[in-house]
Structures are given as structure tokens and as C-alpha cells.
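The values are calculated or read from the model by the stated rules, or taken from the named source; none is laboratory data. This one's a predicted model, so the numbers in the text were calculated from it and none came from an experiment. All Cβ positions, glycine included, derive from the backbone under ideal geometry; neighbour counts span all protein chains shown. Protein only, heavy atoms only, side chains kept; ligands, DNA and RNA dropped before computing areas. Shrake-Rupley method; radii C 1.70, N 1.55, O 1.52, S 1.80 Å.
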Amino acid sequence: MFNLGCHLTSSKGYENMAREAIKINADTFQFFTRNPRGGKAKDIDPADVERFLALAKEAGIGKIVAHAPYTLNPCSAEQRTRDFAFMAMSDDLRRMEYTPGNYYNFHPGSHVGQGTEAGIQMIADLLNRILTPEQTTTVLLETMAGKGSEIGGRFEELAAIIDKVHLKDKIGVCLDTCHVHDGGYDIVNDLDGVIAEFDRVIGINRLKAIHINDSQNICGAHKDRHACIGEGHIGTETIAAVLNHPKLKGLPAILETPQPDLAGYAAEIQMLREKEI
Ligand code: FE
Ligand code: FE
Ligand code: ZN
């Protein structure tokens with residue numbers, strides 16, 4: 001079965017997100033661990049977490065995906081920014097242990113002219129400082145569109161990071177359909193080929209979650225502008241094929257489309273659920 005949801009606002013806590021997910025027929029969701037532009041995270045309310053865990057169990061909400069702030073850049077040229085990456089990721093992973101066994105997704109980073117190889121090393125160094133054998137959270141590297149000096153626009157770059165990480169069982173990948181398409185992987189005409197390439201370079205067992213977005217731009221545009229499903233260059237049939245793909249089916253799939261409200265996500269989820277074969 002599809003495991004579908006969307007990005008939700010976390011400001012009212014975990015229980016509220018579960019209630020919203022249930023309302024829109026979602027069985028997973030994603031949220032920012034803190035303000036996406038950075039800043040301090042709100043303290044976890046253990047009573048809220050308790051209510052969430054009970055509700056999630058009852059409603060069949062599976063693994064959820066936390067998203068790191070966009071400002072987190074482990075391979076910045078600025079020490080201050082790298083320090084923020086360390087602080088934010090350590091703190092986020094500590095807080096995520098209140099809801100054990102879920103996913104923490106982050107954008108690998110932008111090397112800002114220092115070179116891909118140097119960037120990959122800095123990202124792996126951060127992970128090696130932070131990951132612990134005790135943690136129950138799996139950290140996901142998101143596939144990127146390859147905009148500017150972004151790392152992760154090629155599967156090889158993600159594989160190179162993973163290769164340098166010591167605690168490999170704490171690492172996975174989140175495939176963003178808009179990003180891989182914009183990165184030049186032709187999921188519209190050759191989905192099987194792209195999945196086979198992912199498997200060859202990274203290993204399909206590393207794939208833990210999917211972001212399902214249409215794209216405002218053509219394959220290889222390196223732009224990263226999301227569109228609602230069916231309103232971009234990827235199209236509903238390809239998104240349905242991604243969700244139904246035997247190697248991908250059942251993974252947590254998160255809509256990050258520019259819907260104006262929850263009702264928009266409800267309709268998009270309903271439309272996609274009808275495409276399940
Ligand atoms: Fe993202
Ligand atoms: Fe994404
Ligand atoms: Zn994006």
C-alpha cells in the first residue's frame with residue numbers, strides 16, 4: 001500500500017500534526033525540526049509526544065520524516081555556519097529520540113566554490129562527529145537538483161559521502177522526484193533506468209523515503225522549483241509510476257507541492273491513492 005503524506009507545520013506540536021494527517025487521509029508526514037531558515041528549536045513537550053505516539057499507533061501512521069533547516073550547510077566556507085550545522089543536527093537528533101525509529105532528512109550542502117571533493121569530505125566529517133551507535137534515527141541525504149554548488153545532484157556524490165561515513169547503518173537516502181528530474185535523471189521516459197542507476201551507484205536498500213513533487217522546469221534544468229502534481233514537466237502518470245514501482249512501493253512518500261492549504265493536500269493525496277495498482 002502507498003504510505004502517503006505531506007509536509008505539515010510543526011508549530012502546534014506532534015499531536016496536532018497527527019490529527020492533521022488523519023484528517024487528510026495521510027499515513028505519514030514531514031515537518032521542520034525548527035524554523036527552516038535556522039534559529040533555536042522549541043523544547044519537546046513529553047506529554048504532546050505521548051499523545052502523538054498513541055494516536056499514531058491507533059491511526060496506523062508509520063515512520064515520519066523530520067526535515068533539517070535549509071540553512072544547515074556542513075560544507076560552508078564559514079566556520080560559524082559549519083558550527084551551526086553541528087549544533088542544529090546534534091540537537092535535532094537528540095530531540096528525535098523522543099519519537100524513536102524515524103527519519104531525519106537533510107540537504108547535504110553547498111560547497112560554495114571549495115570543490116565537490118572538499119564538500120563531500122566536510123559532510124562526511126560532520127556525520128562522523130554526530131552519529132552514534134545508540135541513536136534510533138536514520139539520517140537521510142536528500143537527492144538534490146544540482147543548483148549552484150549543491151552537492152547531491154549526482155548519485156555518485158551521495159555514494160561518496162556514504163562511503164566515508166563510519167556508522168553506515170544510520171544513513172539512508174531520500175529521493176526527491178523534482179530534484180532528480182532537475183538534476184538530469186529522466187524519470188519521465190526511463191524510470192526503470194534511473195532506479196537501476198540508483199541501485200548500481202548507491203544501492204536501493206539505502207532508499208528510505210521519497211519526496212513526490214512535480215517540477216516547473218525541464219529535465220536537467222538544475223532549478224528546483226516544485227509544482228503541484230500534474231502541473232509540471234513530470235506529470236501525474238510518472239508520479240504514479242514512482243509510487244507503484246516495485247522497488248519503491250510502500251516507502252514513506254511526502255508531498256512538498258505548493259498547495260495553498262490542507263484541503264489542497266487532501267485532494268492531491270486522494271487523487272494519488274486512486275492511482276494505486
Ligand atoms: Fe528538502
Ligand atoms: Fe525535497
Ligand atoms: Zn526542492
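At-a-glance table
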{"item": "Residue match in region 153-167 (condition: within 16 Å of ligand 3 (Cβ to nearest atom), among the β-branched types (Val, Ile, Thr), open to solvent by less than 20 Å² (accessible area, probe 1.4 Å) and touching a strand residue (DSSP E or B) at 6+ places or on another chain (Cβ under 6 Å))", "result": "no"}
{"item": "Helices (runs of 4 or more DSSP H) lying entirely in region 101-191 (those with 2 or more residues that are more than 16 Å from ligand 1 (Cβ to nearest atom))", "result": "116-130, 155-164"}
{"item": "Condition check for residue 233: outside any strand (DSSP E or B), touching a Lys or Arg at 6+ places or on another chain (Cβ under 7 Å) and either within 16 Å of ligand 3 (Cβ to nearest atom) or more than 25 Å from residue 147 (Cβ to Cβ) (or both)", "result": "no"}
{"item": "Given (1) touching a helix residue (DSSP H, G or I) at 6+ places or on another chain (Cβ under 7 Å); (2) within 30 Å of residue 120 (Cα to Cα); (3) in contact (Cβ under 8 Å) with a residue 40 or more places away in the chain, number of the condition residue 64 does not satisfy", "result": "(1)"}
{"item": "Region 160-189, residues that are small (Gly, Ala, Ser) and within 22 Å of residue 112 (Cβ to Cβ)", "result": "160, 183, 184"}
{"item": "Residue check, residue 69 crowded, with 22+ Cβ neighbours inside 10 Å and on the phi < 0 side of the Ramachandran plot", "result": "yes"}
{"item": "Test: residue in region 256-275 that is assigned to a helix (DSSP H, G or I) and within 15 Å of ligand 3 (Cβ to nearest atom)", "result": "no"}
{"item": "From the options 88, 47, 54, 59, residue that is open to solvent by less than 10 Å² (accessible area, probe 1.4 Å), without any contact (Cβ under 8 Å) to a residue 60 or more places away in the chain, away from ligand 3 (no atom under 16 Å from the Cβ) and more than 23 Å from residue 117 (Cα to Cα)", "result": "88"}
{"item": "Residue ID - nearest to residue 188 (Cα to Cα), chosen from residues in region 231-245 that are touching a residue at least 40 places away in the same chain (Cβ under 8 Å) and of a type outside the set (A, V, I, L, M, F, W, C)", "result": "238"}
{"item": "Test result for residue 113, within 27 Å of residue 210 (Cβ to Cβ) and free of Cβ contacts under 8 Å to residues at least 60 places away in the same chain", "result": "no"}
{"item": "Number of positions in region 10-32 that are at pLDDT 95 or above, surrounded by fewer than 23 Cβ atoms within 10 Å (Cβ to Cβ) and either part of a loop (DSSP other than H, G, I, E, B) or at positive phi (or both)", "result": "4"}
{"item": "Odd one out for residue 243 among (1) crowded, with 17+ Cβ neighbours inside 10 Å; (2) away from ligand 2 (no atom under 16 Å from the Cβ); (3) not in a loop (DSSP other than H, G, I, E, B)", "result": "(2)"}
{"item": "Residue check for residue 223: among the basic types (Lys, Arg), within 16 Å of ligand 2 (Cβ to nearest atom) and assigned to a loop (DSSP other than H, G, I, E, B)", "result": "yes"}
{"item": "Counted residues, region 187-233 - those being under 18 Å from residue 257 (Cα atoms), surrounded by fewer than 21 Cβ atoms within 10 Å (Cβ to Cβ) and charged (D, E, K, R)", "result": "3"}
{"item": "Restricting region 101-121 to residues that are under 20 Å from the mean Cα position of the chain (by Cα) and hydrophobic (A, V, I, L, M, F, W, C), the residue that is nearest to ligand 3 (Cβ to nearest atom)", "result": "106"}
{"item": "Residue 110 vs. criteria within 16 Å of ligand 2 (Cβ to nearest atom) and open to solvent by 20 Å² or more (accessible area, probe 1.4 Å)", "result": "yes"}
